[in-house]
1. How about Lys221: which aspartates and glutamates have a C-alpha closer than 12 Å to its C-alpha, ignoring those fewer than 8 places off in the same chain?
2. Determine the alpha carbon to alpha carbon distance for each of Lys126/Lys467; Lys23/Lys180; Lys203/Lys241; Lys52/Lys338 and list only those over 26 Å.
3. Please list, or write none, the lysines whose alpha carbon is within less than 26 Å of the alpha carbon of Lys525, excluding same-chain residues fewer than 8 places away.
4. R0 = 35 Å: FRET efficiency of Ala172 with Arg252, Cβ-based, nearest 0.05?
5. Short version: ³J(HN,Hα) in whole Hz for each residue of the stretch 39-52, in order, from phi by Karplus 6.51 cos²θ - 1.76 cosθ + 1.60 (θ = phi - 60°), x for Gly and Pro, what are they?
6. HN-Hα J couplings of the stretch 404-417 from phi, Karplus 6.51/-1.76/1.60, θ = phi - 60°, integer Hz, Gly and Pro as x?
7. How do the peptides 251-257, 270-276 rank, highest first, by the average count of neighbouring beta carbon atoms within 10 Å per residue?
8. Taking H placed 1.01 Å from N in the peptide plane, check which residues at least 5 places from Ala149 or on another chain put their amide H under 5 Å from its amide H.
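Values in this text are rule-based calculations from the coordinates and carry no lab data. Remember, predicted model here, so these are calculated numbers, not experimental data. So basically every Cβ, Gly included, is an ideal-geometry build from the backbone, and we count neighbours across all protein chains shown.
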Amino acid sequence: RDSQQADTQHLSRWKKWKRTSSKSLKKALSEVKGLSSYLVLWRHDIHSIEGKFGTGIQSYFSFLRFLVLLNFIMFILMFSFVTLPTIISKYGIFNSTTSAKNTGDICTIYEPGGNKGLVYFYTYLKDLLSGTGFLEVTSLFYGYYSIDAVWISIRRYNLPLAYLLTTFAYLALSFLWMIKRSVEGFKHNLVHDADPFQSYCNKVFAGWDFCITDPNAARLKHRSLQYELQTDLQEEKLKQKIAERKMAEKLRIYSLRIFINIIVIAILSGCFYSIYRVTVFSQEHSNVSIRNDSRTDLVNLLVQYLPSMVITLANFIGPLIFSFLIRFEDYTPAFEIKLTLLRCVFVRLANIGVLLFSLWSQISNCGSDKCKPCGYNYKLYPCWESDVGQEMYKLMIFDFIVILAVALFVDFPRKLLVAHCSCKLIQWFGHKEFEISDNVLEIIYGQTICWIGTFFSPLLPAIATIKYFIIFYVKKIVLIHTRKPAARPVRASSSNFFFLVVLLIGLLLAFVPLGVSMARIPSSKACGPFRNFNTSWEVVPDTILQFPTGLQQVLFGMASEAFAVPFFVV
């Protein structure tokens with residue numbers, strides 16, 4: 001310091017000012033960074049959970065916070081570039097153009113079931129749960145966006161192109177954000193797996209945070225380190241046990257694992273077939289109702305919700321069976337969570353895929369020339385995109401209702417029974433651990449629905465944001481009041497990384513139905529921004545044709561298979 005100050009005396013005024021201002025700026029940025037940490041959503045709650053229940057469970061709540069922020073940004077994107085221009089133009093603030101291709105009157109007939117005249121309360125409730133009636137004609141669904149262009153002064157805002165590009169933007173944003181977070185988790189995993197002894201030394205000699213001054217914060221940090229060390233010891237003990245296995249024991253375990261995997265495949269096949277049959281039945285019978293009879297309305301609502309109910313039932317029963325079976329396979333705690341998660345991912349995400357496949361089979365059902373001249377089953381689905389949006393909306397609402405119902409009618413009554421009844425059976429059945437894999441899968445399933453559904457229901461991310469915001473507090477209350485700390489703690493670094501990998505699988509699977517919807521299935525001629533195009537994707541080449549010839553050749557070259565396939569592989 002003395003030598004630096006001596007050097008400073010020989011500097012010019014400009015260099016002195018430059019050095020002083022640089023120091024001041026660094027100090028100011030450091031203070032701003034410190035203050036901004038207090039603005040992080042649920043910062044105190046997540047630190048408290050980490051201290052009481054370990055870093056594994058804390059990673060679940062951090063993951064939930066990430067999804068709240070992701071959905072909020074998705075909502076901002078869709079609202080700013082798609083919903084807001086449409087609403088503004090419909091209220092006459094900007095001029096807009098609406099044109100329809102002449103494909104025959106039969107294709108352009110679309111009469112959404114908006115409520116007219118005196119409406120009973122239960123009808124509103126039914127519409128709110130199913131996305132029909134008054135909700136069908138709002139900006140929540142695809143059919144509302146029927147404008148081709150919005151004129152802002154002399155500039156033309158191409159709404160169909162904006163709709164498609166915003167869809168690509170939210171998918172790309174989700175993908176890049178998850179890759180960034182996954183890389184951070186991967187680095188932690190790499191360091192930990194490279195040398196377990198080094199990881200242990202880091203915790204013992206460098207694990208303490210010497211900035212802590214509050215006794216409560218010190219206790220939380222102490223518990224957190226305790227859970228980390230406990231996890232390490234548990235894993236080392238299991239590795240030692242695995243290393244000491246004899247050949248006969250290895251053969252017994254591998255045979256048992258093969259048999260259990262055959263049972264898992266049989267369960268998955270049964271789930272998929274049930275969902276396919278129920279979806280076909282629901283689509284064929286949901287439109288048959290006598291509107292004047294309230295009982296028929298209730299039956300119709302149940303028929304509409306049948307696919308959601310069967311999917312939720314499969315999602316509930318599947319993980320229970322998998323969690324029971326995994327105990328006999330003798331894996332480490334971390335690998336148990338990963339394998340259970342992967343199995344449950346196949347149940348939940350493939351269930352959504354089977355539902356969409358069933359819907360598309362009905363939409364594209366062209367037997368007896370049903371599809372002519374529109375290219376799809378226009379009698380049952382005059383605006384099929386809104387129908388798919390309603391199915392995604394129902395899945396999301398029903399999933400939310402189930403999560404709340406389990407907390408209110410299962411978790412809390414169980415806690416009361418355990419606290420006030422000394423019966424051995426109730427005590428054995430009572431206190432449960434917080435199952436990380438099941439809870440993570442709930443939110444990954446909901447997020448996949450949101451990614452797929454946002455194209456068909458642009459305001460679905462807003463509903464997802466509110467849903468996850470409420471779920472955070474519901475899960476926190478359930479965890480603190482009805483759960484006990486895990487007997488086998490889970491490490492946060494590996495959990496965070498694996499949660500994001502599974503979420504990435506959900507996103508990649510969401511690309512498939514969205515790609516099929518945009519490029520293969522003819523777009524509705526009676527509603528939506530793409531009714532003048534054969535498919536949603538056609539808006540892109542149609543826009544490129546308006547560019548100069550040189551730029552057209554470059555863009556079409558980039559879109560060719562010779563360039564696109566190697567690019568996406570890299």
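1. Straight-line reach from Lys221, under 12 Å: Glu50, Asp209.
2. From the list (Lys126/Lys467; Lys23/Lys180; Lys203/Lys241; Lys52/Lys338), the Cα-Cα distance tops 26 Å for Lys23/Lys180.
3. Here the lysines satisfying the reach criterion relative to Lys525 are Lys90, Lys101, Lys116, Lys370, Lys372, Lys379, Lys394.
4. On the way: r = 48 Å, r/R0 = 1.39.
Using R0 = 35 Å, I get an efficiency of 0.10.
5. The phi angles translate into 8, 5, 4, 6, 4, 5, 4, 5, 5, 5, 5, 4, x, 7 Hz.
6. Couplings: 5, 5, 4, 5, 6, 9, 10, 5, 6, x, 4, 4, 5, 5 Hz.
7. On the way: 251-257: 12.9, 270-276: 17.7.
Descending packing order for the listed peptides: 270-276, 251-257.
8. Long-range HN contacts for Ala149: Thr97, Leu159.
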